[in-house]
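Here the structure comes first, spelled out in structure tokens, and everything after it is commentary.
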Amino acid sequence: MCLAIPARIVSEPNEIEMAEVDILGVKRHVSLMMTPDAKLGDHVLVHAGFAIQVVDEEFAAESLEMLNSMGIKHADELAAELDGSDETAGVPAS
Amino acid sequence: MNDILAGFRDPEVARRLVDEIHRIAVEPCTLMEVCGTHTMAIAKHGLRGVMPETIKLLSGPGCPVCVTANPDIDLAIEIARQPGVVLTTFGDMMKVPGSYSSLSTEKSEGRDIRIVYSPLDSLAIAEREPDKHVVFLGVGFETTAPTVALTIREAARRKLPNWSALSLHKTVPGALEALVVDPEVRVTGFILPGHVSTIIGTGPYEFLAREYGVPGVITGFEPVDVLQGVWMLAKQLAEGRAEIEIAYGRGVHAEGNPSAVAAIDASFERCDAEWRGIGVIPGTGLALRPEFAEYDARTRVPVAVPEPREIKGCQCGDVLRGVVLPFDCKLFGRACTPEHPVGPCMVSSEGSCAAYYRYTDYGKE
Amino acid sequence: MRSDRILLAHGSGGTMMKELIEEVFVAGFGDEVLLRMDDAAALDFPGSRLAFSTDTYVVHPLFFPGGDIGRLAVCGTVNDVATSGARPLYLSVGFVLEEGMPVEDLKRILISMHDAAAEAGVRIVTGDTKVVERGHGDGCYINTAGVGVLPDGVDLSGSHCRPGDAVLLSGTLGDHGIAIVSTREGLEFSTDIRTDAAPLAALVSAVLEAAPDVRCFRDPTRGGLASTLNELAGASGVSITVNETDVPVNDQVRGASEMLGYDVFQVANEGKMVAVVPPEQAEAALAAMKGAPYGAEAAIIGSVAESPAGKVYVRTAFGATRIMDMLVGEQLPRIC
């Protein structure tokens, strides 16, 4: 329901808690009123011109690590089934 | 950051998750994605096609534009018609049909309706144009409500005499309760909205698991995020658990964002709200608190709203409740297309019908 | 000129109009045919087949990062003529000016038209001006029409795409649309993105030479790549699939598109060319594009298949396939 995209804080907030953020090189001022702990250099999720949360980058890296290691133990037993599941992949479930 | 997001778009990781989902989803289940951005992500990345036959994905009422009822849109239009009023809003609202018109039609007829990216931008317009009264039309769930709540606070701080807000904001958990008690809706698990949960955390959903035994997983929007959410739900179901879990920890903490929740509570109080297709759900609306009455467009720009009218044959209500799929509606793709939308599910690009229309070969299914 | 603003009298046909034409337009364009001040331009024409196109330019603001309405008005029509495979030669220019427009602004626009025409190798040989009352125009509207000479044997058409053909794009997508929207009230953001408005006749002729069996060229302007490819797929009765990862897009265009909720395939371009080329000539066409002005970032972005007729697909970075849908109505920023 709500687009919120990660952006990096690139300026100190001004007196009304507006700071500049960078989204792939595009810069815009957003409000940090909702993220009092956000610091210069942090990534925040931006929605409608407001930072709504500081992105937990450590958590992101950990969950990727978890996902990357997952399924390895089943790899052998799944090898035989893989082709089968590929076939279902093309068929809409609905 | 891009490197991190790239990991959540990695087809290899996704493939492992798909394999795991196929392995554990033995029993048939019906999962509802509550959030329209999930509907879009599922359609855009073709995730419906990689699900095992046991998993049925339903699209729920997750688009604040889609659930806005005709009388509310009619009210916004009447306000825009008042002399001296500039109506500002998000681009999403422009094409939504009300009973008789839409903001986009009104604009073509000369009303001063402007699109902003942030509600704060509407304050800037009010400051630049002191002869006008600038109304911000606020729609959205808990993600968007605090941005408008803080804008109201900011308007009060600047003592802006010519700005007010029309709140059509709604809150999600009450709607989920209406869905689980609806006998026509059979949901075995909820894919819960990531960015609403960024604000409210897990607490407001706990009743789903505790009182109704329905599990929920708060889920992000990259393809790997969505698959991880489905996988965690399938796992709960396979293990006979019903809990509220987070699959989007990089953006959601269990306690949510307390500053944002406090901001909502400071500017708004709960009220009843009409949801298109569902009806009035008590306590799911957000109205400006009486102490902000001078920033409430309902009191600042009083208007008479004509008797609302519902559109014949439109099944948006059933689509929003997940009772029928968009394809099942007789109007879908014929009388109702993105060019000429009949119901709001087709208007909003994240509406269920628009997502199905855009991203799937509906003609062949 | 005595007035520094455009007045209604400048469109009246009298002495003030004469003054505007002589001191502003002729000084701005200075073509010898134009200097004759005849009602029609008599022109040398070096061939037997003619390509002819017209377009009208309305843009707000008139000046934007990297360009202005004048550059747009020259490049747009030059490119439309070039898509036929023709070498553009002559342009006509019609202005609708709003009363009160600063003459300085008009002069800036004329300079940029002159420069773009010189770069494109076309001559502005005839023109017209009207002035409308204040409030009845957006500063300035421009119509240009262009003619070019078609080499013998060149017969390009959007209906000529065949299964197996390669789809080439001459550079990054979305720069123009994002440059414009970055200036809009209420959406302001700062970006280094500039309009890509550029004349592409030299690029087209280089590709035509390297890949003589090229099926067609199209410039993906309003509606972006999505509209162009959907038109081609429809006209040829074929299907087109684009590989998302092969499409060049500037990071900042991607960032702005994510921020505003835009689909970058639907964002407008003013200096890009799509070419559909038979597979055996694709590499030669690509090399020619890369070697031509404004083609350095060219890429082969997709291919043509037989069916389903009229459909355009995107193969996403994630490996899934989705429909590349056309823009519906106006592109609006969204929060959902």
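Descriptive notes on the structure:
- Selection over segment B:151-196 of residues that are facing chain A (nearest Cβ under 10 Å) and either more than 30 Å from B:PRO302 (Cα to Cα) or of a type outside the set (Lys, Arg) (or both) gives a count of 7.
- Filter result for A:ASP56 (more than 7 Å from chain B (Cβ to nearest Cβ), of a type in the set (D, E, K, R) and within 18 Å of the chain's Cα centre (by Cα)): no
- Residue, surrounded by the most Cβ atoms within 10 Å (Cβ to Cβ), within segment B:293-318, restricted to residues that are basic (Lys, Arg) and in contact with a strand residue (DSSP E or B) (Cβ under 9 Å, 6 or more places away or on another chain): B:ARG300
- Apart from one condition, C:GLY237 fits all of (1) surrounded by fewer than 19 Cβ atoms within 10 Å (Cβ to Cβ); (2) of a type outside the set (A, V, I, L, M); (3) under 26 Å from B:PHE90 (Cα atoms); the exception is (3).
- Test: B:GLU33 is of a type in the set (Asp, Glu) and surrounded by 22 or more Cβ atoms within 10 Å (Cβ to Cβ): yes
- Scanning segment B:93-112 for residues being surrounded by 19 or more Cβ atoms within 10 Å (Cβ to Cβ), under 22 Å from the mean Cα position of the chain (by Cα) and either in contact (Cβ under 8 Å) with a residue 24 or more places away in the chain or more than 22 Å from B:HIS169 (Cα to Cα) (or both) gives a total of 7.
- Pick from segment C:263-278, criterion surrounded by 24 or more Cβ atoms within 10 Å (Cβ to Cβ) and assigned to a loop (DSSP other than H, G, I, E, B), ranking: farthest from the other protein chains (Cβ to nearest Cβ): C:MET273
- Among the criteria (1) assigned to a loop (DSSP other than H, G, I, E, B); (2) more than 16 Å from B:CYS63 (Cα to Cα), the one B:PRO282 does not fulfil is (1).
- Restricting attention to segment B:103-125, the residues that are assigned to a loop (DSSP other than H, G, I, E, B) and within 14 Å of chain A (Cβ to nearest Cβ) add up to 3.
- Filtered residue count, segment C:156-193, keeping only those that are out of contact with any helix residue (DSSP H, G or I) (no Cβ under 6 Å at 6 or more places or on another chain), without any contact (Cβ under 8 Å) to a residue 40 or more places away in the chain and outside any strand (DSSP E or B): 3
- Considered as a group, the residues in segment C:124-149 that are of a type in the set (A, V, I, L, M, F, W, C) and surrounded by fewer than 20 Cβ atoms within 10 Å (Cβ to Cβ) include one that is nearest to C:HIS60 (Cα to Cα), and that residue is C:VAL132.
- Matching residues in segment C:194-215 - criterion: being charged (D, E, K, R) and not in a loop (DSSP other than H, G, I, E, B): C:GLU209
- For C:VAL253, the conditions (1) surrounded by fewer than 17 Cβ atoms within 10 Å (Cβ to Cβ); (2) more than 28 Å from C:GLU280 (Cβ to Cβ) all hold with the exception of (1).
- Test: residue in segment C:272-292 that is in contact (Cβ under 8 Å) with a residue 24 or more places away in the chain and among the charged types (D, E, K, R): yes
- Scanning segment C:130-153 for residues that are part of a loop (DSSP other than H, G, I, E, B) and closer than 30 Å to C:GLY94 by Cα returns C:GLU133, C:ARG134, C:GLY135, C:HIS136, C:GLY137, C:ASP138, C:GLY139, C:LEU150, C:PRO151.
- Residue tally, condition buried (at least 21 other Cβ atoms within 10 Å of the Cβ) and charged (D, E, K, R), over segment B:319-341: 1
- B:CYS353 vs. criteria out of contact with any Asp or Glu (no Cβ under 9 Å at 6 or more places or on another chain), at pLDDT 85 or above and assigned to a helix (DSSP H, G or I): yes
- Pairs are defined by a Cβ separation below 7 Å, a sequence spacing of at least 6 or placement on different chains, a first member in segment B:344-355 that is closer than 20 Å to A:ALA4 by Cβ, and a second member that is part of a helix (DSSP H, G or I) and acidic (Asp, Glu); the pairs so defined are B:SER348/B:ASP92.
- In the set (1) in contact (Cβ under 8 Å) with a residue 40 or more places away in the chain; (2) within 14 Å of chain A (Cβ to nearest Cβ), C:ILE323 fails one condition alone, (1).
The values are calculated or read from the model by the stated rules, or taken from the named source; none is laboratory data. Only a predicted model underlies this, so the values are computations on that prediction, with no experimental measurement involved. Every residue, glycine among them, receives a Cβ derived from its backbone with ideal geometry; neighbour counts consider all protein chains shown.
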